[in-house]
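What follows is calculated from the coordinates using simple rules that are stated; it is not laboratory data. What you see is a predicted model; the values in this text were computed from it and never measured. As a convention, Cβ positions derive from the backbone with ideal geometry for all residues, glycine included, and neighbour counts pool all protein chains shown.
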Amino acid sequence: MTTSAFDEAAAAIGTTAHLDVPLAPFTTYRVGGRAAVLARPHSVADLERIAGARSATGLPLIVVGKGSNMLVADAGFAGIAVTLADLEMSDGAEQAGFVVVTYGDASEIVVDVPGAASLPSLARRLASAGIVGFEWAVGIPGSIGGAVKMNAGGHGADMAA
């Protein structure tokens, strides 16, 4: 890819985009090279601009999320890297951390969680609300989005269980 594609992507994304940024500080292992473009969205509108920039430029895109269990090559990433650390959750979820929706009887509980939500925080909040079965996630540093993508697990349980 050319530098102009990176400049074009950053311009389309706006103020949440930064050029030639080290990715090591955004991963739990603290190693790796630089991202040609790093996007730090604060809202869904920012995410929409990132998707538009990716579509317009054809640059590869990787979601870093909270950077848990992720290794970045020393050569870096020649595309758009997206960290969700600054993403503000809407509909009151920012303060609550999650929204619990019940359908039918109390045995069927659906928990609607933003992808950027912290696994340990979610595990504690669910336990505090009397919802059991996710306690195993309390010691896993990462986000719900990454956990779903990678089928995170521990202590004999995992996301697919």
Local net charge near Val37, Cβ-Cβ under 14 Å (Lys/Arg +1, Asp/Glu -1) = 0
Any idea how far the Cα center of the stretch 131-161 sits from the one of the stretch 32-81, in Å?
-> 24
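Can you tell me what share of the DSSP beta bridges in the chain is antiparallel? A percent to the nearest 5 is fine.
60
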Expected max-MSF residue from Leu38, Leu119, Leu61 in the GNM of the chain (alpha carbon, under 10 Å) is Leu61
Express the relative contact order of the chain as a whole percentage, based on alpha carbon pairs under 8 Å and six or more residues apart in sequence.
-> 18
Name the shape class, rounded, prolate or oblate, that the alpha-carbon gyration tensor gives for the chain, where a ≥ b ≥ c are the square roots of its eigenvalues, rounded holds for a/c under 1.5, and otherwise prolate holds if a/b is larger than b/c and oblate otherwise.
-> prolate
